[in-house]
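First the structure, then my questions, so here it is.
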Amino acid sequence: KAGVTQTPRYLIKTRGQQVTLSCSPISGHRSVSWYQQTPGQGLQFLFEYFSETQRNKGNFPGRFSGRQFSNSRSEMNVSTLELGDSALYLCASSLDARDGELFFGEGSRLTVL
Amino acid sequence: AQKITQTQPGMFVQEKEAVTLDCTYDTSDPSYGLFWYKQPSSGEMIFLIYQGSYDQQNATEGRYSLNFQKARKSANLVISASQLGDSAMYFCAMRGQGTGKLIFGQGTTLQVKP
């Protein structure tokens, strides 16, 4: 059974650019959540999607957005990148994020120069 | 407000010995979930174990067990028979009632010595 797949694994952008990260959840899972991990702030919740609907959003500026498709795959987008957006972005897959276990992917490591 | 506290920034353990990683939490929700994840240097967050607040028995998964003490609001991870591959960062996390959001602790770095 395939795990959670995140692409790309590594990317480098410059300030002002935008980036799109992709997450394919475990087959059959309908919920995808996104987290940002930085050395200073630790792991912080970005958003949670279930059956194409955003159910919860963390305390991040509007430059951070996401969506979920009918096949449960999810994308997150960060526009007008800032140096502080450099982080590991982790996606979590679950049958329903509000109950049971959550499984993470390997993450997308973003560096903003 | 919900909070997870991991008071041990770093821990050492001898190979083949058991080790306990501490985690305390704070929540007013009557129902919640507790998680432990392992993060090696590669960055992947590996699921280890899950405990629901209404589960009567402590969760176990192979060499991992969760020592759940509800009255003390603690959810310590016990790793038995440590292996060199257990060296990693370990995170405790909590999910409140009716939400899919995880609150993470700051993590504990575990180093297993040969």
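What follows is calculated from the coordinates using simple rules that are stated; it is not laboratory data. Being a predicted model, the structure only gives us computed values, none of them experimental. Here Cβ is always computed from backbone atoms with ideal geometry, including for glycine, and neighbour counts include all displayed protein chains.
Distance between the C-alpha centers of region A:4-28 and region A:41-87? Whole Å please.
One Cα centre to the other: 11 Å.
A further question follows. Would you tally the net charge around B:Ser82, using a Cβ to Cβ cut-off of less than 12 Å, leaving B:Ser82 out, and scoring K and R as +1, D and E as -1?
So the environment of B:Ser82 carries a net charge of 0.
Using a 7 Å offset from the Cα along the Cα-to-Cβ direction at both B:Gln69 and A:Gln17, what is the distance between the two label points in nm, to one decimal?
Here the modelled spin labels are 5.1 nm apart.
With contacts defined as alpha carbon pairs under 8 Å and 6 or more residues apart, what's the relative contact order of chain B in percent?
38 percent
Let me ask another. Explain nothing, just the number: relative contact order of region A:30-70, from Cα pairs under 8 Å at least 6 residues apart, as a whole percent.
After rounding, I find 32 percent.
Can you give me the relative contact order of chain A as a percent, contacts being Cα pairs under 8 Å and 6 or more apart?
The value is 36 percent.
How do A:Tyr89, B:Tyr32 line up, fewest other C-beta atoms within 10 Å first?
Arranged by neighbour count, lowest to highest, A:Tyr89, B:Tyr32 become B:Tyr32, A:Tyr89.
On a straight-distance basis, which aspartates and glutamates could pair with B:Lys16 in a cross-link, Cα separation under 16 angstrom, same-chain partners fewer than 8 positions away excluded?
Answer for B:Lys16, where 16 Å is the Cα cut-off: B:Asp86, listed by chain and number.
What does the extension gain come out to for A:Ala2 and A:Glu52, with contour length at 0.36 nm per residue minus their alpha carbon separation?
Stretched out fully, the A:Ala2 to A:Glu52 stretch lengthens by 15.9 nm.
For a quick check: sort B:Asp29, B:Asp86 by the number of other beta carbons within 10 angstrom, fewest at the front.
B:Asp29, B:Asp86
Quote the charge dipole size of the protein assembly as shown about the Cα centre in Debye, to the nearest 20; the model charges only the Cβ of Lys and Arg (+1) and of Asp and Glu (-1).
Using Cβ point charges on Lys, Arg, Asp and Glu, the protein assembly as shown gives about 320 debye.
Which of the aspartates and glutamates could a cross-linker span from B:Lys101 if the Cα-Cα distance has to be under 17 Å and same-chain partners fewer than 8 positions apart are dropped?
Straight-distance partners of B:Lys101: A:Glu48, A:Glu52, A:Asp96, A:Asp99, A:Glu101, B:Asp26, B:Asp29.
Springs between alpha-carbon pairs under 10 angstrom, Gaussian network model over chain A: which of A:Gly58, A:Gly16, A:Gly100 fluctuates most?
Taking springs between Cα atoms under 10 Å, the residue moving most is A:Gly100.
Which of rounded, prolate, oblate describes chain A, given a ≥ b ≥ c as roots of the alpha-carbon gyration tensor eigenvalues and a/c under 1.5 marking rounded, otherwise prolate only if a/b is larger than b/c?
In terms of gyration-tensor shape, prolate.
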